[in-house]
Amino acid sequence: MPHVLDSAHIQESIMSKSQDGTDGSAKRRERARDPQSKQIDALKAMPDVRLDRIEAMKRAITNGEFDTPERLQTAIRRMIDELHRSE
């Protein structure tokens, strides 16, 4: 099916023409990318290590709450799964 231009698309194209005659698509792409760029910058600014999680784990280990039978079973299951995937 051929692409059909409707009046709204044509009007948008006309309105996007800037004073210097360019179509303004670079500006639209820049604006569309801006929220993503901000999110990426925020992620890059985050520390690689979540200190709050490390501190919580340290407390659990110190209090004897970290090594539980459930955690051991989960670790063993994950290790076995990983061994099966690598075969």
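Enumerate the amide H contacts of Phe66 below 5 Å, restricted to partners 5 or more residues apart or on another chain; note that Pro and chain-start residues carry no placed amide H.
For Phe66, the qualifying residues are Ile61.
Going by a ≥ b ≥ c, the root eigenvalues of the Cα gyration tensor, does segment 33-87 fall in the rounded group (a/c under 1.5), the prolate group (a/b larger than b/c) or the oblate group? All intermediate terms of the calculation are to be shown ahead of the outcome.
On the way: a/c = 4.59, a/b = 1.48, b/c = 3.10.
Cα axes put segment 33-87 in the oblate bin.
Quick note: the coordinates plus some simple rules give every number you see, no bench work behind them. The shown structure was predicted, so the numbers you read here are calculated from the model rather than taken from an experiment.
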